[in-house]
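All remarks here apply to the structure that follows.
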Amino acid sequence: MATDADRDVDGIDEDAVSWSDPLPAVLLVGAVLVAGAYATSVLDTAAAHLVAGRRLRLGELVLGPWREAALLAHMRRSTTERPDVQTWALAPALLAGMAAVAVATVPLAPGVAVADVADGIVLFGAAMALVMVGVYLHGWSSNSVFPLVGGYRFVALALSYEMPLALVLIAAALPAESLSVGAIVESQQGLWNVVRQPLGLPLFLVAGMGLASWGPLGMSDGTDLAGGTSAESSGGARLVWALARRFVLVAVAVTGAAVFLGGWHGPVLAGGLWMALKTLVLLAVLVGVGHRVARIRLERFVVVAWAVLIPLALIDVFVSGALVL
Amino acid sequence: MSRPELAGVAMWILGGSSVVAAWRVFRTDSMVRAAYWLLASFVAVGMVMVLLQARFLGLVLVLMMAGEMTIMAAFMVMFMMNPAGLNPMSMVHQHTTAKVAGVVAFAGLAFVGVAADFPDRPVDAASEPTAELGEELLGDSMLIFETAGVTLLATMIGAIAIAGKRGRFGNAQEGSAPPPVDPDAPAGPDARPSPMHGGHGGMHH
Amino acid sequence: MSVGPFGTALVVVLATGIAVLATRWLPRADGPPPTAPERIPFLGGGVPEVHAWSRFHIRYYAMALLFLAFDMEMVFMYPWAVVFAAEGAIALMEMLMFITILLLGILYAWREGALSWAS
Amino acid sequence: MELQLLLVVSAALFGIGVYGALSQQTFVMIMMGIELMLNGAMLAAVALWAMSGAGAPKGQLLTVIVMTVMAVEAALGFALVIGIFRTRQADMTEMLEQLKG
Amino acid sequence: MGLLTSAASRAEVPVFPVVGAGGREAAEALWLLPGVRMVDTPRAAAVLVVIGRLTRALLQPVLLVHDQMPGPRATLWWPVDGRPADDGTDGDEGLLAALPDVVTTTAGDAAGLRAVFADLLAGRRPWGPPALADIESPRWRGVGPYGHGGEGMMGGVPYGRPFAEMAQDPDGLMLDQLPLQIGPLFPALPPGLVLHLGLQGDVIRGVTLGDNPYRSWPGDPPVGPLDSVPFLDARTSPTTVAALEVARARHHLRWLARTLRLHGLDARGRRIAALAGGLSATDRPAVEALARRLGRDRGLAGATAGVGVADQATLEPLGIELAGGPVARAAGVAIDARTDDPAYAGLDFEPVVHHGGDARARLRQRVAEAAQALALAERAGDAVRSPGPPVEGPRGPLAPGRTMPSSSLIHLLPTLLDGQEWGDAVTTVASLDLDLEEAAVDQSATAWPQTPTGTSTASTRTP
């Protein structure tokens, strides 16, 4: 049936350490996610201290996330009366897995492409659709009122931001003539997409913030729901859920950096370093907005998303399409 | 183990898991689990499609079905009693006929699948399926592409008209007002003759 | 042993998922199993009288139906994006027509109040 | 050999879908049965496209159209479920048997 | 395990505060303590801090919240200015003893809190044992096919709880409505507020107020001290206008800080709380700049516009429209007790008024009043106000024989919250600035002490 010549269809030559081999791939993606989550926590603490005008001690800033994680890991894992135990455990795993696959599709440096598939942004869209499933399951599983309300809020939010998120990536794929994230990065050789398609990055960041339920779009785990979907999770479950949400935020930042800020293109520094810098910049923007803008009312955001964001994303698609001709 | 054998084994596993997931859909008590077993079956089928070089279709199937199954779960939880399966949930009727019909359908199709010898023309691996689909959509089947658009528009309008509570012609429960006899009388919800018969009717008595 | 990009993506997903699931069995100071009161869901001091799992009224069902129909627009747009540069202006016109048809649906939904949540 | 396997799997999915659609009483579960049938059909379409259709683009188009049908069916199905539940408080087929005059 | 626990013991202490009677002031300070992190749910907390006097009605919820804390847990009690620990009049050990091994430290003592937390993690202090007995209603065990207590598809008490009943809703669908009691210790609501409400999906149907946990019965120590003590004393003893106005500005800024935290702006709230801590008349330009920035803040405006509209029609039946106060002034009623107060005559005082009566108008009203109060304090210098005319407290006029502002504001809730989405309801309740202790004064048999210095001359007062 299939031709038995072991030809590597996608043309990735077998260099010494091929990042698309399973083991190095897992280690690389794991490292990127954990480092990103750590950077998010550090940026979050720094932004909080800055906005609150509190003195920032370096030791506490650097070690803070590790200590909090150690505390949560040390605490006992309590439960509710009749939860759905399997889906409660599955939800953070699903979120972390989808964030991992999103990071895997992005070429992190010139030669380093873990899983640069030909339909990269479609894989990103599928992963982000499953993130909605993960957060809804996390809210549903604990059989408690406030997590349930948090879970349903997130479904409404997810159904609203999914369209602009995908359309903006399609707009970036037009000049690249391919859906692969690597090709999109290649197409930004001289001119970054953030310049060519000014509407792209802001819309992507708004949708990304909704995806990670962060800052003004932090609907699923809001303070008005006593922690929302994570109101009943404690100890290890709480730690893993916080990590998974930060992984999703890192996935959004990495994809944003690759698709809109030229990926690893950059004048002086090495490709990988540019990628890290751009990701950190986007993470700082996402975290900073989280501390400046109040949580939006969901009913208003749904109307704005459908009536304003989707038309804007379509305009972005057609304008960049016209420019490509 | 070279790539094609690995793909073959993977196809066995994914095919089997999609059938098991589909079987679990009607066996679980919890509605949310039923919806997500169906999603698992779709994801397995999507991965099989990816193995068959139809990469774009597999991924898009997963993208579509994730949203659809969550909405399905939300609707099931909204309408059905005992949504989380705390009590045993078995709301079935005409069970034996259903089983027989299922087995007959399976046997018939499986027989055709195995017995018929389909021509062996594998898709060549170096082709770009997504690009070909794009050319197809914009070239020969452009008409199908646009009619699909119109169908989706009709679906949107139809779904919202049926599901909505307050339509332009009066609320859903109060039944739509039949057109008045003399044409110049004001139509619409305020032109309500005596309680009429038929129509939605249900909520009036 | 390269399994191609999709194989690697699948391995990455499974590895991350299993790693997250495995944290359940990390060594930690585990106290006695939670007692009945410790398992009561948190309502700010009140005790719930019924299960939280109930017929949850999603007030945005009209928007969910709109999403189901509008989601298909993305499926048609991905292949269009791939061949757009090769096809030229005709592709732009066709997709513009397709999109305006679908935007009519959103306009209708907005006017009918489907986007604002049922009371 | 793999084509036969895939066609048997899609037949199995279709069979379970038929069983589900006929045996379940609640509307939404019947719709899940229909979705399973469409899922089986789509798998068969892609298998034949890949194995014996030489990757003809029309095969992919058929699959995309089946996906559109699934979306349309789901959207209108849920709309009908809401409409019926609002006017009749019925979420099971039994409740709709007698047409009230 | 050594590395894990040593790192954990140096983390910020996750604290779940319980505000007892008189504990409002210290609870504000807890938020600003270094090395302490306030959490939204006991599932994330390691230390339960009971601040002030534990009233009889608060005991059961506190025991439940204590048990809902997961892992290493300890309980701390912060006494407030020498008041007795609790209502413990039945037998010798007080109510507080019901809580396992309570550590007593002085209010606002971060070092003591961190020491208890470090002992807890290092194992030198055992975890707090469960406070409530591990009894499970056995009536459902073994009933039904799974032994889960249910029979058939709808009946029974599966796993100990029945299913919710159905109720009609304005959307024309008959769906389940959960009868809930949102307890006195829900962090997003004012401490002590008990709401019995039906929740249909995320919409509230039918709200009734629970009884006030701070209410003191005959024989209990009196309610208070209240956070509006300076205004209460101003009715009996002469005080300087500047002190009153600075206290008013501090009160409004503290309210603003708590409200920002509810809207997801913990850091901005903390900055304003810090500003309010050491507030003085010289901070007027800072507060005016803050008022301008909040006026332009479109995010906050969007989150509060049109939420919880309490216009003059809804205020009128409760007498709030006649009394005045920030809530009334935000609805366009220009009544302020300071207008006919001789002490303010020379300061050309003009009551600030906003229109709309929604949460945004109330937010802007309070911030504008805070800025105006500091301006008045600057202009007043050391002018003294003689007792006699009613005092304009931060929530409304305070006069002997007249109900406290909070107890009339609290009756707005059933009308405002019905039919609201949960998030909007929380915004509405926060925008009313309720103090359950102040409302308890009218219901309590014994009044709060007249003089603030602890010598309580309890005077009986008809509820």
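Tabulated results
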read-out	value
Any chance residue D:40 is in a helix (DSSP H, G or I), more than 7 Å from chain B (Cβ to nearest Cβ), closer than 23 Å to residue B:55 by Cα and more than 15 Å from the chain's Cα centre (by Cα)	no
Selection within segment E:295-307 - in a helix (DSSP H, G or I) and surrounded by fewer than 19 Cβ atoms within 10 Å (Cβ to Cβ)	E:295, E:296, E:298, E:299, E:301
Test result for residue E:34, surrounded by fewer than 20 Cβ atoms within 10 Å (Cβ to Cβ) and either without any contact (Cβ under 8 Å) to a residue 12 or more places away in the chain or not assigned by TED's automatic domain parsing to the domain that holds residue E:258 (or both)	yes
Enumeration of residues in segment B:87-102 that are at pLDDT below 90 and not aliphatic (A, V, I, L, M)	B:87, B:88, B:90, B:93, B:94, B:95
Test set (1) more than 10 Å from chain C (Cβ to nearest Cβ); (2) surrounded by 24 or more Cβ atoms within 10 Å (Cβ to Cβ) - residue A:180 fails condition number	(1)
Pick from segment B:1-29, criterion under 21 Å from residue B:122 (Cα atoms) and among the small types (Gly, Ala, Ser), ranking: nearest to the chain's Cα centre (by Cα)	B:15
Residue selected from segment E:405-416 under the condition in contact with a Gly (Cβ under 8 Å, 6 or more places away or on another chain) and either of a type in the set (A, V, I, L, M) or not in a helix (DSSP H, G or I) (or both), by the criterion farthest from residue E:240 (Cα to Cα)	E:416
Test result for residue A:89, within 17 Å of residue A:137 (Cα to Cα) and among the hydrophobic types (A, V, I, L, M, F, W, C)	yes
Subset of segment A:114-131 [of a type in the set (A, V, I, L, M, F, W, C) and in contact with a Ser or Thr (Cβ under 7 Å, 6 or more places away or on another chain)]	A:114, A:115, A:117, A:118, A:123, A:124
Inter-residue pairs, beta-carbon under 6 Å, first within 7 Å of chain A (Cβ to nearest Cβ) and closer than 20 Å to residue A:238 by Cα and in segment E:63-75, second surrounded by fewer than 24 Cβ atoms within 10 Å (Cβ to Cβ) and of a type in the set (Phe, Trp, Tyr), 6+ apart	E:72/E:127
Residues within segment B:116-142 that are closer than 25 Å to residue C:98 by Cβ and of a type in the set (D, E, K, R), tallied	5
First in segment B:123-136 and without any contact (Cβ under 8 Å) to a residue 24 or more places away in the chain, second anywhere and buried (at least 19 other Cβ atoms within 10 Å of the Cβ) and of a type in the set (Ser, Thr, Tyr), Cβ under 9 Å, 6 or more apart	B:128/A:178; B:131/A:178; B:134/C:78
Number of the condition not met by residue A:204 [criteria: (1) more than 23 Å from residue A:309 (Cα to Cα); (2) buried (at least 24 other Cβ atoms within 10 Å of the Cβ); (3) of a type in the set (Phe, Trp, Tyr)]	(1)
Residues satisfying the stated conditions in segment C:50-80, i.e. within 14 Å of chain E (Cβ to nearest Cβ), part of a helix (DSSP H, G or I) and hydroxyl-bearing (Ser, Thr, Tyr)	C:61
For residue A:195: the one exception among (1) in contact with a helix residue (DSSP H, G or I) (Cβ under 8 Å, 6 or more places away or on another chain); (2) part of a helix (DSSP H, G or I); (3) of a type in the set (A, V, I, L, M, F, W, C)	(1)
Candidates E:449, E:394, E:390, E:414, filtered to the one that is modelled with pLDDT of 90 or more and out of contact with any helix residue (DSSP H, G or I) (no Cβ under 7 Å at 6 or more places or on another chain)	E:414
Number of positions in segment B:82-128 that are assigned to a loop (DSSP other than H, G, I, E, B), under 30 Å from residue A:85 (Cβ atoms) and under 24 Å from the mean Cα position of the chain (by Cα)	7
Residue match in segment E:195-209 (condition: closer than 30 Å to residue E:30 by Cα, in contact with a His (Cβ under 8 Å, 6 or more places away or on another chain), hydrophobic (A, V, I, L, M, F, W, C) and surrounded by fewer than 20 Cβ atoms within 10 Å (Cβ to Cβ))	yes
So residue C:16, is it outside any loop (DSSP other than H, G, I, E, B) and either of a type in the set (A, V, I, L, M) or buried (at least 20 other Cβ atoms within 10 Å of the Cβ) (or both)	yes
Single residue of segment A:247-279 satisfying the filter (surrounded by fewer than 18 Cβ atoms within 10 Å (Cβ to Cβ) and of a type in the set (A, V, I, L, M)) that is nearest to the chain's Cα centre (by Cα)	A:277
Residue within segment C:86-105 that is under 19 Å from the mean Cα position of the chain (by Cα) and part of a loop (DSSP other than H, G, I, E, B) present	no
Residue count for segment A:138-147, restricted to those that are within 19 Å of residue A:217 (Cβ to Cβ) and within 11 Å of chain C (Cβ to nearest Cβ)	3
Residue among D:81, D:72, D:28, D:66 that is within 17 Å of residue B:151 (Cβ to Cβ) and facing another protein chain (nearest Cβ under 8 Å)	D:72
Single residue of D:23, D:52 found to be surrounded by fewer than 22 Cβ atoms within 10 Å (Cβ to Cβ), among the polar types (S, T, N, Q) and within 7 Å of chain B (Cβ to nearest Cβ)	D:52
Of all residues in segment A:283-301 being surrounded by 24 or more Cβ atoms within 10 Å (Cβ to Cβ) and either among the small types (Gly, Ala, Ser) or more than 15 Å from residue A:213 (Cβ to Cβ) (or both), the one that is farthest from the other protein chains (Cβ to nearest Cβ)	A:283
Residue in segment A:50-76 that is surrounded by the fewest Cβ atoms within 10 Å (Cβ to Cβ), counting only those that are closer than 26 Å to residue E:268 by Cβ, at the interface with chain E (Cβ under 7 Å from one of its Cβ atoms) and of a type in the set (Gly, Ala, Ser)	A:53
Lone qualifier among A:155, A:135, A:112 - being modelled with pLDDT of 95 or more and more than 7 Å from every other protein chain (Cβ to nearest Cβ)	A:135
Checking residue E:270 against (1) charged (D, E, K, R); (2) outside any helix (DSSP H, G or I); (3) within 14 Å of chain A (Cβ to nearest Cβ), the condition it does not meet	(2)
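The values are calculated or read from the model by the stated rules, or taken from the named source; none is laboratory data. Note that the structure is a prediction, hence the values are computed from the model and not measured. Using ideal geometry, Cβ is built from the backbone for each residue, glycine included, and neighbour counts are taken over all protein chains shown.
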